[in-house]
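Since the structure comes first, as structure tokens, the remarks are kept for the end.
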Amino acid sequence: MTRETIALKIKRQDAPGAKPYWNVFKLPSLPHANVISCLQEIQRNPVTADGKTVTPVTWDCNCLEEVCGSCTMRINGRVRQACTALVDILEDPIVLEPMSKFPVVRDLQVDRSRMFENLRKIKGWIEIDGSYDIGEGPVFPEKIREKAYALSQCMTCGCCLEACPQFTLTNDFMGAATFSQVRYFNLHPTGAMNKEERLEAVMKSGGIADCGNAQVCVEVCPKKIPLTESIAEIGRETTLQLLKNLVLK
Amino acid sequence: MPRREKKIVVIGGGLAGLSATMKICEFKVRVTLVSFQPVKRSHSVCAQGGINAAIDTKGEGDSPEIHFYDTVKGGDFLAHQPLARDMCHQGPAIIRLMDRMGVAFNRTAEGHLDFRRFGGTLYSRTAFAGATTGQQLVYALDEQVRRHERDGLVQKLEWHEYLGAVVDGAGVCRGAVVHDLRAGNILAIAADAVVLATGGPGQIYARSTNSTVCTGSAAASAYLQGAKYANGEFIQIHPTAIPGQDKLRLMSESARGEGGRIWVPRNPGDNRDPLKIPEEDRYYFLEENHPLFGNLVPRDVASREIHDVVYNRKLGVGGQPTVYLDLTHQPPEFLERRLGGIIDIYRKFTGQDPSRVPMKIFPAVHYSMGGLWVDYESDGHGMVDHRSPRNQMTSIPGLYAAGEVDYQYHGANRLGANSLLSCIYTGLLIGPGIVRYCDNLDKGRDAVPSSLFDRAKKEWDNRFAEIKRMNGRENPYALHRELGDLLLTNVLIVRENKKLLETLDGLDGIEARFKDIKCLDTSDWSNPTPSFINQLYNMIHLSRIITKGALLRDECRGAHYKPEFDLNQPDRFDPHEFIDYLEKKQYGPPREEDYPPGHLAYMRRFEANEEEWLKTTIAQYKNNGPEISYEAVDLSLVTPRPRKYD
Ligand SMILES: Cc1cc2nc3c(=O)[nH]c(=O)nc-3n(C[C@H](O)[C@H](O)[C@H](O)COP(=O)(O)OP(=O)(O)OC[C@H]3O[C@@H](n4cnc5c(N)ncnc54)[C@H](O)[C@@H]3O)c2cc1C
Ligand code: SF4
Ligand code: SF4
Ligand code: FES
């Protein structure tokens, strides 16, 4: 499908708390164009379809190949990465909105620091003794490695949280990405040494118990992280942990 | 005497910045980590193929010494040898460390680390995590840094941009000026030392394999403040990328490491479906011209070959400047397991499946071998003294650099998978030395008068106010595109003096138009435009360094190729002949009849060229442009010789 021009309808907001408004831009449709290259075109010519000169739209991006997780937004109503959103296969007009479950910073930029804080809460790291050379890491089977790798590609983009009915702007639900990271660190032989602490972290308010199992998270994840499996497994593990806690206390 | 409590500012949270931060924290020194975006989203996540270390798990006889030789040969002998050697010897320890930190490296049947082939070597030396190695390495380091953050040693300033160093009257760096990209205000941070780990400058070409923040702006700013910039003209053009409006996405060298073959139809105008073109009608030019290394020749060689095939011989696919990168002979499950990341990228951006149809690729700007000049201290035994405060220090005392932003490991051409290694290596190397530097300081940051910081802040406040007042006719983003087009046309794989001269004029033109820019957005909150205008200014200066360095260097070395000065290596030349020649020379003039016809004359040309050009280019800011001078390369370990990969 080749079109000569393409329209972008963009929801804008000058600052947190400011009133959102819409701008429509008409651009020439170029080969290999994606939503990012359209936004760049708007920077080069920030004039709306009705001829008004406006400030360029702001958004976040970096890698432009769906690996840094920066450019998440709602495109034609669906949350996804803008860099892999090829214009040729998008419906005209292309409607861009910021994610709705994170505070808007400006235009299409949102604040996702909550996700990084969650990684801290679950102790998302391997407790190594230090960075000096003390020899090889643990030997473990490629099968486990493959499982871990599937989880380790999570780029903290937030798509799964935007789509999740439990996750809201104001509650403290951690969301699928965080649960999946608990599973990731617990899979590693050294990481497993702190397994219980991580499980405890998702057994508090906002933890796994609040997950309604709607499973929309897994459908929108651009990295195909097996979130359903992670949720099920962490669900099981936390139940066991709960029993253990009861017996031991 | 109780040690002073120290603070170091690290700018950049890619592999180099994160590893430096982690290492410094181990000395219980506090770090303020400044980054354009959350560090987890740094450009390093793009790295696909892997990271080198001579661990020799395949019984091929590989060793750090061979890795060292491959590295300096790959760099056409322009790298400082003790540094390259030390890096290669640290390789195995670095991989083991990353493994302990949980990086999901692919494993062998026995559960050990697996390694694959990469360019410029005949050994399987590249550890990898699928085809998203950089992402996995960044995450592991990011996690360790988060742990130190929890312990209060690290304070992150994400969404902050480094603008310049705070330099006192004695020329010592006492802190950094940063710009809060959200609130828009500017602050000067006092520090005992500052590390720039700000990555490469690919964005000056506007379209490259690099991420959007890779403007080289921080390095340029250091240069504008007096720091030396070295080997700027050595820009790596990666042979295999795919087209895009915003980015030329890389198809990693690992595709060839896993058996990928480069070819074009043998006959011009053969427009058949590639799968219908039989073997005998395919021209596997890398394999035919370089039987020993085949598809895994170093990048400079591969890019030149592709350039020759598509532009001089007009054999590009469908008449376009593209060639095939073919993986269709490999089983899809194998590709998924070992190259999943790039297969996915190709699929998402072209809609085609590389396990079914050959990929269409072409060369793209990828990496800068050059960067900020930094010092080091040899241990006197062909390695580096790891405790020296001189290691990785720029020519501004107290200002350090690590990662792609430095210059001295890869010479004139970097080998694939050596960058992730040099980034982590330099990050870790900085730790002990910089802490000693801070301890040795005559006075700590608290004793520096606050007026110094007030002044630095004021200067930048004024600069940004000035930018916001710019109300001309030029759009800064459009001008950036033009800058990129200018360099893409003239400062790429094949360089000519006439065009380089024109480019310098072109850059003057762009600078003149820069003054006529309109600041499209003057608001304070989360406004990227003034920031970008400042970066553009820096990019123009960096472009001058690259172009002028290229203009003055009248030779061919690694990625810098000027046909006019090609030494025309004769066929069947063996680099050992040159070693033999050097030896014989000590006992009297070498004789023509000892060598195949033409070889002696070539070796003499080569020797004369080395004499004249085997030196580091140094650019220093004078009169609004780079003044170029040259410095000796540390060649204390292996004798430079003609490169050959056939
Ligand atoms: C597509 C691609 C694939 C690659 N694959 C490989 C590979 O397989 N193997 C290999 O060895 N190499 C590879 N490379 C090269 C390698 O990825 C880079 O050289 C390396 O990641 C650079 O790391 P760095 O830490 O120096 O900088 P970066 O990762 O670029 O990080 C720079 C950091 O500095 C910050 N920053 C920059 N400027 C400022 C500023 N002014 N103020 C504040 N912060 C700033 C950024 O936000 C970022 O955090 C690849 C490169 C590309 C483009
Ligand atoms: S399963 Fe449902 S409730 Fe649970 S994280 Fe996924 S989308 Fe949210
Ligand atoms: S799990 Fe998937 S959707 Fe969620 S943050 Fe990670 S990559 Fe994004
Ligand atoms: S820009 Fe990195 S995911 Fe889109």
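The values are calculated or read from the model by the stated rules, or taken from the named source; none is laboratory data. For clarity, every value in this text was computed on a predicted model and none was experimentally measured. Positions of Cβ are generated from backbone atoms using ideal geometry, with glycine treated the same way; all protein chains shown enter the neighbour counts. Each accessible area value is taken on the protein alone, full model and side chains, heavy atoms only, with ligands, DNA and RNA left out. Shrake-Rupley method; radii C 1.70, N 1.55, O 1.52, S 1.80 Å.
Our note on the geometry: Cα centres of the range B:287-313 and the range B:68-131, 24 Å apart. Measuring between alpha carbons in the structure, the pairs from B:LYS247/B:LYS548; A:LYS19/A:LYS121; A:LYS11/A:LYS224; B:LYS228/B:LYS615; B:LYS58/B:LYS360; B:LYS468/B:LYS515 lying more than 23 angstrom apart are B:LYS247/B:LYS548; A:LYS19/A:LYS121; A:LYS11/A:LYS224; B:LYS58/B:LYS360. Each Cα pair under 8 Å and six or more residues apart adds its separation to the average, and for the range B:470-552 the resulting relative contact order is 44 percent.
How much accessible area per residue does chain A have, counting only protein heavy atoms and a probe of 1.4 Å, in square angstrom?
That works out to 43 Å² for each residue.
Once the Cβ-Cβ distance between B:ASN185 and B:ASN312 is put in as r, and R0 is 60 Å, what FRET efficiency do you end up with, to the nearest 0.05? Result of the calculation: an efficiency of 0.65.
The alpha-carbon atoms of the protein assembly as shown define a convex hull whose volume equals 174 cubic angstrom per residue. Using the Karplus relation 6.51 cos²θ - 1.76 cosθ + 1.60 with θ = phi - 60°, the per-residue 3J(HN,Hα) values for the range B:384-391 come to 9, 7, 5, 9, 6, x, 6, 4 Hz, with x marking Gly and Pro.
In this label model, A:THR5 and B:LYS615 are separated by 5.9 nm, measuring between points 7 Å along each Cα→Cβ vector. Short-range pairs are left out: with C-alpha atoms under 8 Å and at least six residues apart, the relative contact order of the range B:181-223 is 31 percent. Surface listing: A:GLU162, B:GLU279 arranged by accessible area from highest to lowest gives B:GLU279, A:GLU162, probe 1.4 Å. When shorter helices are ignored and each DSSP H run of at least 4 residues is given -39500 (n - 2.57), the per-residue value for chain A at 222 nm works out to -9500 deg cm²/dmol.
At the residue level, B:ASP168 shows approximately 30 square angstrom of accessible surface with a 1.4 angstrom probe and all protein chains present. With the whole protein complex present, B:LYS73 retains an accessible surface near 30 Å², based on a 1.4 Å probe. Ranked from largest, the principal axis spans of the Cα set of the range B:522-623 equal 76, 27, 21 Å. Computed 3J(HN,Hα) for the range B:404-417, one whole-Hz value per residue from the Karplus formula 6.51 cos²θ - 1.76 cosθ + 1.60 where θ = phi - 60°, is 4, 6, 8, 9, 9, 9, 10, x, 9, 6, 8, 7, x, 6, glycine and proline marked x. Between B:LEU635 and B:ASP168, full extension at 0.36 nm per residue minus the direct alpha carbon distance yields a gain of 164.6 nm. Counting Cβ atoms of other protein chains within 10 Å of each Cβ in A:148-158 and taking the mean gives 5. Counting Lys and Arg as +1 and Asp and Glu as -1 over every other residue whose Cβ lies under 12 Å from the Cβ of B:HIS43, the net charge comes to +1.
Ranking B:TRP613, B:TRP525 by solvent-accessible area of protein heavy atoms (1.4 Å probe, all protein chains present), from largest to smallest, gives B:TRP525, B:TRP613.
Based on protein heavy atoms only, chain B ends up with 33 Å² per residue of surface accessible to a 1.4 Å probe. Computed across the range B:470-552, the Kirkwood hydrodynamic radius from all distinct Cα-Cα pairs reaches 13.4 Å. Seen against the Cα atoms of chain A and their longest principal axis, helix A:142-152 is set at about 50 degrees.
Inter-label distance, B:GLU336 to B:GLN352: 2.2 nm, where each label sits 7 Å from its Cα along the C-beta direction.
With the helix formula -39500 (n - 2.57) applied to DSSP H stretches of n ≥ 4, chain B reaches a computed 222 nm mean residue ellipticity of -11500 deg cm²/dmol. Using 0.36 nm per residue and subtracting the Cα-Cα separation, the extra length available between B:LEU488 and B:LEU122 on full extension is 128.6 nm. For chain B, carbon and sulfur atoms together expose 50% of the accessible surface, with a 1.4 angstrom probe and every protein chain in place. Protection proxy ranking for A:184-190, B:87-93, using the average of other Cβ atoms within 10 Å per residue and placing the highest first: B:87-93, A:184-190.
Peptide A:119-128 is shielded by partner chain Cβ atoms: per residue, an average of 5 of them sit within 10 Å of its Cβ. Across all C-alpha atoms in chain B, the radius of gyration and Dmax reach 24.3, 79 Å. Distance between the C-alpha centers of the range A:37-71 and the range B:410-450? Whole Å please. So the separation of the two Cα centres works out to 36 Å.
Other protein chain C-beta atoms within 10 Å of residue C-beta, averaged over B:521-529: 5. Surface burial for A against B, with a 1.4 Å probe and both sides summed, reaches about 6100 Å² of accessible area.
Using C-alpha pairs below 8 Å separated by at least 6 residues, the relative contact order for chain A is 17 percent. Look at where the Cα atoms of the range B:575-595 and of the range A:206-249 average out, and the two centres are 72 Å apart. Taking all protein chains together and a 1.4 Å probe, the residues B:GLU555, B:GLU627 rank B:GLU627, B:GLU555 from largest to smallest accessible area.
Within a Cβ distance under 15 Å of A:GLN153, other residues only, what is the Lys/Arg minus Asp/Glu net charge?
+2
If you plug the beta carbon distance of A:SER113 and B:ASP580 into 1/(1 + (r/R0)^6) with R0 = 51 Å, you get a FRET efficiency near 0.20.
Taking the range B:622-636 and a reference point 7 angstrom along Cα→Cβ of B:HIS381, the backbone N atoms nearer than 19 Å belong to B:636.
Taking 20 Å as the cut-off, the amide N atoms of the range A:1-26 that come nearer than this to a point 7 Å along the Cα-to-beta-carbon line of A:VAL47 belong to A:4-10, A:23-26. Using a probe of 1.4 Å, the accessible surface attributed to B:SER419 totals some 10 Å² when neighbouring protein chains are kept in position.
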